[in-house]
Amino acid sequence: MTTIQFGLNVSTAATPGADPVADARMAEELGFDFVSANDHLHGTDPRFETWTMLSWIAANTSRIRVATRVLGVPYRNPAVTAKMAESFDRLSGGRLILGMGGGASDAEFRAFGLEARSPRDKVDGMEEAVRIARGLWSERSFTFGGRLSRTESAQIEPKPSHHIPIWLGTYGDRALAATGRVADGWIPSFDYAPPERIPAMRDRILGAARDAGREPDEITCVYNVVVRVDERAAPDPGVVSGPPAAVADRIAGFLQLGFAAFNFILAGPDRDEQTARLAREVIPAVRAAA
């Protein structure tokens, strides 16, 4: 029987009163399985750098897993990211989920003096980054000659003490196929991958996994969903909202699409109340329905 996992997005906003550590501690106390944060660096809105913030969260929690949702690969050298990931995972007691993606915002890359890659290069660069991480984590000396990234007799020690899961946020056909070939998890967002599109997208991933000689059930499917538990919530096609039973029914319906985990992104300002209602009124009902 598959155990359903539930995660909670932690905002990277660095505004007055923001306390990502407190948010993560509350999620841990309420029984969430993981917390996550997105990866955007450029812009006028005050925000924390994702890796630094999540490291601070990991240092101030003890059980809950920590997911990058998802790192834009072009921001960081893949081999350096692999080394960072091993250190993060070891120092956190094995709690890292390394989420990666090709990078969505060309404007952000240009602003930081980085190459704005073509769609093809974004997918290839993401897959190369996964292969580099796996090689560095498993081989004593690793040489890799990709189109976009290279290593030459690269060595990192220590090696990971366990398998670090890599989740990819992907949508297009080539990216979905790459996910099937190399990833441990697929983490699409509800607004970019609505339920009616999921079967075809998931079939693409599982077909590529089989072609690569992998077992399709090796890949965990995780749904990013914006939610609001509120008896008076106004209908919003981008938000799963309503009374607890209605929200639970909708989330439970996504299990039939092959999802075994959910990452909740809270809509509205009353974060603590929403977190508690999800933990006490929605998640138990979803587990019971499963």
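Bear in mind that the values in this text are calculations on the coordinates, not laboratory data. Every value quoted in this text rests on a predicted model; they were computed, and no experiment measured them. Cβ atoms come from the backbone with ideal geometry, glycine included; neighbour counts cover every protein chain shown.
Residues in the stretch 88-117 that are in contact with a Ser or Thr (Cβ under 9 Å, 6 or more places away or on another chain), part of a helix (DSSP H, G or I) and basic (Lys, Arg): 90 only. When restricted to residues that are in contact (Cβ under 8 Å) with a residue 12 or more places away in the chain, in a loop (DSSP other than H, G, I, E, B) and over 26 Å from residue 118 (Cβ atoms), the stretch 130-157 contains 4.
Yes or no, residue by residue, for (1) farther than 26 Å from residue 281 by Cβ; (2) charged (D, E, K, R); (3) in contact with a helix residue (DSSP H, G or I) (Cβ under 8 Å, 6 or more places away or on another chain):
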| site | (1), (2), (3) |
| --- | --- |
| 9 | no, no, no |
| 21 | no, no, yes |
| 50 | yes, no, no |
| 55 | yes, no, yes |
| 59 | yes, no, yes |
| 75 | yes, no, yes |
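Name the single residue, out of those in the stretch 121-156 being of a type in the set (Lys, Arg) and closer than 21 Å to residue 89 by Cβ, that is surrounded by the fewest Cβ atoms within 10 Å (Cβ to Cβ). Residue satisfying both the conditions and the ranking: 140. For residue 245, are the conditions met, namely being exposed (fewer than 15 other Cβ atoms within 10 Å of the Cβ), of a type outside the set (D, E, K, R) and more than 21 Å from the chain's Cα centre (by Cα)? Against the criterion (exposed (fewer than 15 other Cβ atoms within 10 Å of the Cβ), of a type outside the set (D, E, K, R) and more than 21 Å from the chain's Cα centre (by Cα)), residue 245 qualifies. Among the numbered conditions (1) touching a residue at least 40 places away in the same chain (Cβ under 8 Å); (2) of a type outside the set (Gly, Ala, Ser); (3) farther than 25 Å from residue 65 by Cβ, the only one that residue 222 does not meet is (3). Among the numbered conditions (1) surrounded by fewer than 18 Cβ atoms within 10 Å (Cβ to Cβ); (2) small (Gly, Ala, Ser); (3) out of contact with any His (no Cβ under 8 Å at 6 or more places or on another chain); (4) within 20 Å of residue 14 (Cβ to Cβ), the only one that residue 67 does not meet is (1).
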